[in-house]
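Notes follow once the structure below has been shown.
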Amino acid sequence: MFEGFFDVVKKRARGGAEEEYKPPMFKCPRCTQTSPLSRYEELHRVCPKCNYHGRLSSQERIAITVDKDSFKEFDGGMISANPLDFPDYTEKQAEIRSSTGLNDAVVTGTATIKGSPVVIGVMDSRYMMGSMGSVVGEKITRAFEYATENHLPVVMFTASGGARMQEGIVSLMQMAKTSGAVKLHSEAGGLYIAVMTDPTTGGVTASFASLGDIIIAEPKVLIGFAGRRVIEGTIKQRLPEDFQLAEFMFDKGFVDMIVERRKMRSVLSHLLKLHGFAPKEKEV
Amino acid sequence: MDEKKTAWERLQLIHTKGRPTIKDYLPLIFTDFYEMHGDRLYGDDKAILGGIGRLDGKPVTIIAEVKGRDINENKACNFAMPHPEGYRKALRLARQAEKFHRPIICFIDTPGAFCGVAAEERGQGEAIAKNIAEFMTLRTPIISIVLGEGGSGGALALGVCDELAMLENAEYSVLSPRGFASILWKDASREQEASEIMKLTAEDMVDLGVAEAVIEEPLGGAHNDLDKISENIKEYLSQKIAEKCQKDIDVLLKERYTKFRKIGAFSE
């Protein structure tokens, strides 16, 4: 309180007028321009200047995607053990659980989208950069297995820095586990729509994220296998700004469509209906 | 078998000049080998070798990551770091094996999939993902052996199999210890420390359910007796291929899925 008081005194002493109130600002990581944070939030975290689609929490994503009160979570209490006895990993996770309110980097469950039933998964980059360890692997595998048994489509929002380093080789094996479950769902005729959000990289790109029947990306999000700095280190030169953005991957043929957040729910609903997943009568 | 070496000592050993590569093993394990080239989409990646040969007189498909034995060979095979077309060639040959009811034998020996602009443009992530998913349901037995380095997704792309064996001094890891130290501690020079806590040795793989077998190397390492190590690999393969070929294919596929399905450590 007194510090503020002295600031004012100092300012007056310098002869300047008291500064106007400045609203909190959002600085876009893509175009580096600033906009009022309130505007960015109003647009559900889309940069008003360049249309970069920023990161949403899993709760926010579910809220803007599925029908109100339709989400029923799977395995919400699952938490990771420490397969390598990695120093401080258990403690670190406990801290992140309490600071984020999340139990790991993916939330899965069933829901309806404009009445069409789906199994949905949403990764959350706030939890250790959305990295895939045992819990992410197990929950995604179970979600696909449930969808296979119940003839349901899967909509998976991906966001991940890649493997969970602290789980070492066990983390790598989650790529095989999840991809296996996706494959069995596919062989049973299941529809899988992958929605790549910021960032989708590493072991997640090299497994279930790239296996969608339909792959959608949000504008300007990062999509790639190797990290930008790793590649720059290999080739000893700077990469162009648009390298590994959604539009780049779209041009190269790895993304079916780029869909803006405000249209996502509607596009998903249409695609589900095109595959015969009609709303149940009473829910129309 | 040697008295137990540390993870770090083994990493030094597999990087020793003279460590045998697939090119050394091929003529000693297989007969009638014919190499097949190209992914039919883009090109032929020299970092992955594939073809048909005989093991104990029976046709098999062989897919392997290729390390060079000198700088020229290494330049030609990009230091065993495949591009997407390498993985796509592997998948093409694996599907061909399925069609003609040949078992598949994969040899893993890579620092990792190549990290470069062209690799990204051609879909390194998609290529690896596709192999992992497709290998899971190929209706023919698959045995994979890690010869030296099993680096991350680049290794796993040839690592979905019915049984995985590690050469005694081989490693399998999510990332090189150097990269691991760099990411977690922002200090690549702590790679030795990283190697000891990452659990990347052959015995660690068996303990974690990632590998089923360890193939013994001659005293001092594989390079000390190429004939002996080739004999050990061949003996293992002969036994396993015969065993897996006996099985009902649907049972085999269920077991393959379960092998990966059960890996993970969590509580609920």
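Here, each number is a calculation from the coordinates, and none is a lab measurement. From a predicted model like this one, the values you see are computed outputs, not experimental measurements. Positions of Cβ are backbone-derived with ideal geometry, glycine not excepted, and every protein chain shown enters the neighbour counts.
Some values worked out for this structure:
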{"quantity": "For chain A, built as a Gaussian network whose Cα springs stay under 10 Å, the top-fluctuating residue of A:Ala217, A:Ala209, A:Ala226", "calculated": "A:Ala226"}
{"quantity": "Choice from B:Ile71, B:Ile241, B:Ile52 showing the highest fluctuation, given a GNM over chain B with Cα pairs closer than 10 Å", "calculated": "B:Ile71"}
{"quantity": "Share, in percent, of DSSP beta bridges within the protein assembly as shown that are antiparallel, nearest 5", "calculated": "45"}
{"quantity": "Acute angle (nearest 10 degrees) that the helix A:168-187 long axis makes with the longest principal axis of chain A, alpha-carbon atoms", "calculated": "50"}
{"quantity": "For A:Ser160, residues with placed amide H under 5 Å, excluding near neighbours", "calculated": "A:Thr200, A:Thr201"}
{"quantity": "Net dipole in debye of the protein assembly as shown [+1 Lys, Arg Cβ; -1 Asp, Glu Cβ; about Cα centre; nearest 20]", "calculated": "1780"}
{"quantity": "Bridge type composition, region A:143-284 - antiparallel percent by DSSP, nearest 5", "calculated": "5"}
{"quantity": "Kirkwood-based shape ratio for the protein assembly as shown, expressed as Rg/Rh from alpha carbons", "calculated": "1.02"}
{"quantity": "Cβ-placed point charges (K, R +1; D, E -1), dipole of region A:55-276 about Cα centre in debye, nearest 20", "calculated": "420"}
{"quantity": "Centroid-to-centroid separation of region A:37-93 and region A:234-257 [C-alpha atoms, Å]", "calculated": "25"}
{"quantity": "Taking all pairs of distinct alpha-carbon atoms in region B:1-77, Kirkwood radius in angstrom", "calculated": "14.5"}
{"quantity": "Charged-residue dipole, Cβ positions (Lys, Arg, Asp, Glu), chain B about Cα centre, Debye nearest 20", "calculated": "840"}
{"quantity": "Residue among A:Met132, B:Gly220, A:Gly212 farthest towards the positive dipole end of the protein assembly as shown, charges placed on Cβ", "calculated": "A:Gly212"}
{"quantity": "Relative exposure of B:Met136, B:Met36, judged by other C-beta atoms within 10 Å (fewest first)", "calculated": "B:Met36, B:Met136"}
{"quantity": "Sum of -39500 (n - 2.57) over DSSP H runs of 4+, divided by residues of the protein assembly as shown (222 nm, nearest 500)", "calculated": "-12000 deg cm²/dmol"}
{"quantity": "Within a Gaussian network of chain A (alpha carbon springs, distance under 10 Å), most fluctuating of A:Glu41, A:Glu145, A:Glu260", "calculated": "A:Glu41"}
{"quantity": "DSSP bridge orientation in chain B - percent antiparallel, rounded to nearest 5", "calculated": "40"}
